[in-house]
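Bear in mind these aren't lab numbers, they're just calculated from the coordinates by the rules spelled out. It should be emphasised that the depicted structure is a prediction, and the values quoted were computed from it without experimental measurement. When we count neighbours, we look across all protein chains shown, and the Cβ atoms used for this are built from the backbone with ideal geometry, even at glycine.
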Amino acid sequence: MENYNFSWDQLGDIDEGRPNLGQRTSVTVYRLMQYTMRAVLEKEYGEEKTKLLLVQAGRLAGREFCKNVLDASLPLNKFIAQLHDTLVDLEVGVLKVEKSDVENLNFILTVSEDLDCSGLPVKGVTVCDYDEGFIEGIFNVYTGKNFDVKEVDCWSTGERTCRFTVEQKVG
């Protein structure tokens, strides 16, 4: 497992620091940060390296999110229900499980109204690299196993939901 100079407490006490504005912000501001950061990274490092960095950042975030927000001791069906409810409560997106092979830990998940891409122009490529890593990190902490997560459908490919394959790495 990679070590990063990050800890959950670096997020600070948002309730104390934002007594009037609170926890919420606009999707436009979030996307402005994400897509300008992506543009700078792509200029400096190229598209392939940028995708890798966004997946790594998402993986770290997913691990920390699972450890600090979710109850990883729940049985799988309750864990997924909790994850769904938490993502809706935080206005990240609406998670659904389309297909589940629990024995092999392979899944197909969708996230509708996705924070990262719902409503983007169609470009013909998937853009939810961070989300791939985020989902991977959550499943890694929950199961203790490694996963390959791949976005196969995205709003920016013309779909109306993001679809991810989640497959346990074998070997």
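Would you mind estimating how fast region 68-138 diffuses translationally, via Stokes-Einstein at 25 °C and 0.890 mPa s with the Kirkwood radius over Cα pairs, in µm²/s?
Reported coefficient: 183 µm²/s.
Which residues' amide hydrogens lie under 5 Å from the amide hydrogen of Phe147, considering only partners 5 or more residues apart or on another chain, with H built in the peptide plane?
Lys169
Rounded, prolate or oblate: pick one for region 7-72, where a ≥ b ≥ c are the square roots of the eigenvalues of its C-alpha gyration tensor, a/c under 1.5 means rounded, and failing that, prolate if a/b is larger than b/c, else oblate.
oblate
At a 10 angstrom cut-off on C-beta neighbours, averaged per residue, how do the peptides 150-159, 120-129 rank from highest to lowest?
150-159, 120-129
Determine, for each peptide in 17-28, 137-148, 87-98, the mean count of other beta carbons within 10 angstrom over its residues, then list the peptides with the highest first.
137-148, 87-98, 17-28
Just the ratio, please: alpha-carbon radius of gyration of the chain over 2.2 N^0.38 Å, N its number of residues.
1.04
Here is the link list: Lys51/Lys78; Lys51/Lys150; Lys51/Lys123; Lys51/Lys99. Which ones come out longer than 21 Å on Cα distance?
Lys51/Lys78; Lys51/Lys99
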